[in-house]
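Enquirer: Handing you this structure, nothing more for now.
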Amino acid sequence: MHEMSLMSGVFEAIDAALEAYQVPRVTKVKLQVGRLTNAEPDALDFAFQAFAAGTPMEGAVLEIELVPLAGCCKECAREFEIEGLVFYCPECKSPSIHIVRGRELVLESLEVEA
Amino acid sequence: MSDVKEIKVMSNLRTANEIQARDNRHTLEQVFVCNLLGSPGAGKTTLLERTLAELTARAKVGVIEGDIYTTKDADRIAHYGVPVVQINTGGGCHLDASMVAAVLPRFDLARLDMLVIENVGNLVCPADFDLGEDIKAVVLSITEGDDKPVKYPLIFRNSKAVVLNKLDLAGFTDVNVSKLEQDIRAINPEAEIFQVSCRTGDGVDRWCDWLLSNLKQTGTAPNIN
């Protein structure tokens, strides 16, 4: 259900991006999806197929780049990948972490038949 | 075969919600806003009822009730004599900033100290949609199991307060409450954790005092009716 509402946003963004073009067919849609968005690639793909039916996106490949979760320590400024969702700096052990990557939800690009 | 060309877009899908959330935050500048989250059955509405019973004499509180289809929760809240507006998402699994913006004109915001927005019961997506609130608070009943923070870390990470509910049932479950607190702190070391029983009322006063400590001083004086 979550992925369906996210995908409805993706299709709004696709429509906005294609407004300036006459595109008969989109062959690929690239998304950046952060690990922290709780979006499942399989469910996103299912939602994509559902929204694409009967549009120029029908049959297109959905390519998802999963962006790992990364933090920056507020104490020592070290940047690191947060593994196992344990929010401690591996360097100075501070629990004060600013999330710098992993929340992305970005329509990166479209491949279209020209 | 026709040529394939790439159109670079780089469109952030969060932008529309984030802009609306910022507008809401501006509209609600004088009001302390709490986005109340948690699973169905965690006790969000019961906590809210207990909270209203305690706070209505001390602050002017308004409530937005998010629900998929029904007005059951808003009906319960209306008994406390506070302004309440129901939002039905019609199948949607979370509230977004534009749904909240649409109902804000129904409140006399100049007369409110606090607005509680009870989100749709769900530990997943409400965590990721800013409504323009000052804080998120998540209610977790211990009967849901002590693995929930680790399984749904985002909501615990993003919440300023975690209310552990149904503590009166601790003896009937295998839940290890201190392990649960430890897991929450590993995900969100700065979280305020409250142990309550909304059935008996235990611990609710501490939560209410904490809410009151968040009120914005620039608003109306809370004790004067």
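The values are calculated or read from the model by the stated rules, or taken from the named source; none is laboratory data. If you're wondering where the values come from, they're calculated on a predicted model, not measured in any experiment. Positions of Cβ are backbone-derived with ideal geometry, glycine not excepted, and every protein chain shown enters the neighbour counts.
Enquirer: Looking at A:Met57, A:Met1, A:Met7, which one is at pLDDT below 95 and surrounded by 18 or more Cβ atoms within 10 Å (Cβ to Cβ)?
Expert: Sole residue among the options that is at pLDDT below 95 and surrounded by 18 or more Cβ atoms within 10 Å (Cβ to Cβ): A:Met7.
Enquirer: Only one of B:Arg25, B:Arg14 is surrounded by 15 or more Cβ atoms within 10 Å (Cβ to Cβ) and within 14 Å of another protein chain (Cβ to nearest Cβ); which?
Expert: That would be B:Arg14, the only listed residue that is surrounded by 15 or more Cβ atoms within 10 Å (Cβ to Cβ) and within 14 Å of another protein chain (Cβ to nearest Cβ).
Enquirer: Regarding the stretch B:3-14, can at least one residue be identified that is touching a Ser or Thr at 6+ places or on another chain (Cβ under 8 Å) and on the phi > 0 side of the Ramachandran plot?
Expert: Yes, that holds for at least one residue.
Enquirer: Which condition number does B:Asn88 fail, the rest of (1) touching a residue at least 60 places away in the same chain (Cβ under 8 Å); (2) more than 29 Å from B:Asp205 (Cβ to Cβ); (3) touching an Asp or Glu at 6+ places or on another chain (Cβ under 9 Å) being met?
Expert: For B:Asn88, the exception is condition (1).
Enquirer: What is the number of the single condition among (1) in contact (Cβ under 8 Å) with a residue 40 or more places away in the chain; (2) part of a helix (DSSP H, G or I); (3) surrounded by fewer than 22 Cβ atoms within 10 Å (Cβ to Cβ) that B:Arg199 does not meet?
Expert: Looking at each condition in turn, B:Arg199 falls short on (2).
Enquirer: Something else about it: Suppose we keep only residues that are touching a Ser or Thr at 6+ places or on another chain (Cβ under 9 Å), among the β-branched types (Val, Ile, Thr) and assigned to a loop (DSSP other than H, G, I, E, B) within the stretch B:78-127. Which one would you say is nearest to the other protein chains (Cβ to nearest Cβ)?
Expert: Within the stretch B:78-127, the match that is nearest to the other protein chains (Cβ to nearest Cβ) is B:Val120.
Enquirer: Quick one: which of B:Leu109, B:Leu131, B:Leu47, B:Leu104 is aliphatic (A, V, I, L, M), under 20 Å from B:Ser213 (Cβ atoms) and touching a residue at least 60 places away in the same chain (Cβ under 8 Å)?
Expert: On inspection, the qualifying residue turns out to be B:Leu47.
Enquirer: I would also like to ask the following. So which pairs qualify, if the first residue must be in the stretch B:1-22 and closer than 13 Å to B:Val100 by Cα, the second must be of a type in the set (Asp, Glu), the Cβ gap must be under 6 Å, and the two must be at least 6 apart or on different chains?
Expert: Short answer, once both residue conditions are applied: B:Asn17/B:Asp96; B:Ala21/B:Asp130.
Enquirer: While we're on this one: Filter the stretch A:27-52 down to the residues that are within 9 Å of chain B (Cβ to nearest Cβ), in a strand (DSSP E or B) and not polar (S, T, N, Q) and list them by number.
Expert: Listed by number, the residues that qualify are A:Lys28, A:Lys30, A:Leu31.
Enquirer: Working carefully through the options A:Ile97, A:Ile82, find the one that is modelled with pLDDT under 90 and under 17 Å from B:Asp128 (Cβ atoms).
Expert: A:Ile82
Enquirer: What about B:Leu140, is it away from every other protein chain (no Cβ under 14 Å) and surrounded by fewer than 23 Cβ atoms within 10 Å (Cβ to Cβ)?
Expert: Criteria not met by B:Leu140.
Enquirer: What is the residue count in the stretch B:143-183 for residues that are within 14 Å of another protein chain (Cβ to nearest Cβ), in a helix (DSSP H, G or I) and exposed (fewer than 15 other Cβ atoms within 10 Å of the Cβ)?
Expert: Matching residues across the stretch B:143-183 total 2.
Enquirer: Scan the stretch B:113-124 and give yes if some residue there is surrounded by fewer than 19 Cβ atoms within 10 Å (Cβ to Cβ), farther than 13 Å from B:Ala42 by Cα and modelled with pLDDT of 95 or more, otherwise no.
Expert: no
Enquirer: Is there a residue in the stretch B:61-68 that is modelled with pLDDT under 95, within 14 Å of chain A (Cβ to nearest Cβ) and surrounded by fewer than 15 Cβ atoms within 10 Å (Cβ to Cβ)?
Expert: No, because not a single residue in the stretch B:61-68 is modelled with pLDDT under 95, within 14 Å of chain A (Cβ to nearest Cβ) and surrounded by fewer than 15 Cβ atoms within 10 Å (Cβ to Cβ).
Enquirer: Next question. Quick one: what pairs do we get from the stretch A:1-29, first residue of a type in the set (S, T, N, Q), second assigned to a strand (DSSP E or B), C-beta under 6 Å, 6+ apart or different chains?
Expert: Pairs found: A:Thr27/A:Glu111; A:Thr27/B:Val4.
Enquirer: Another question, if that's okay. All but one of (1) in contact with a Gly (Cβ under 9 Å, 6 or more places away or on another chain); (2) within 20 Å of A:Leu6 (Cα to Cα) hold for A:Glu63, so report the exception by its number.
Expert: (1)
Enquirer: Separate question: Suppose we keep only residues that are buried (at least 18 other Cβ atoms within 10 Å of the Cβ) and part of a loop (DSSP other than H, G, I, E, B) within the stretch B:128-137. Which one would you say is modelled with the lowest pLDDT?
Expert: Result: B:Phe129.
Enquirer: Okay, next question. Hey, could you check the stretch A:97-114 for residues that are surrounded by 18 or more Cβ atoms within 10 Å (Cβ to Cβ) and among the β-branched types (Val, Ile, Thr) and say which is farthest from the other protein chains (Cβ to nearest Cβ)?
Expert: A:Ile97
Enquirer: A further question on this structure: Can you find a residue that is β-branched (Val, Ile, Thr), within 12 Å of another protein chain (Cβ to nearest Cβ) and assigned to a loop (DSSP other than H, G, I, E, B) anywhere in the stretch A:62-85?
Expert: Checking the stretch A:62-85: at least one residue is β-branched (Val, Ile, Thr), within 12 Å of another protein chain (Cβ to nearest Cβ) and assigned to a loop (DSSP other than H, G, I, E, B).
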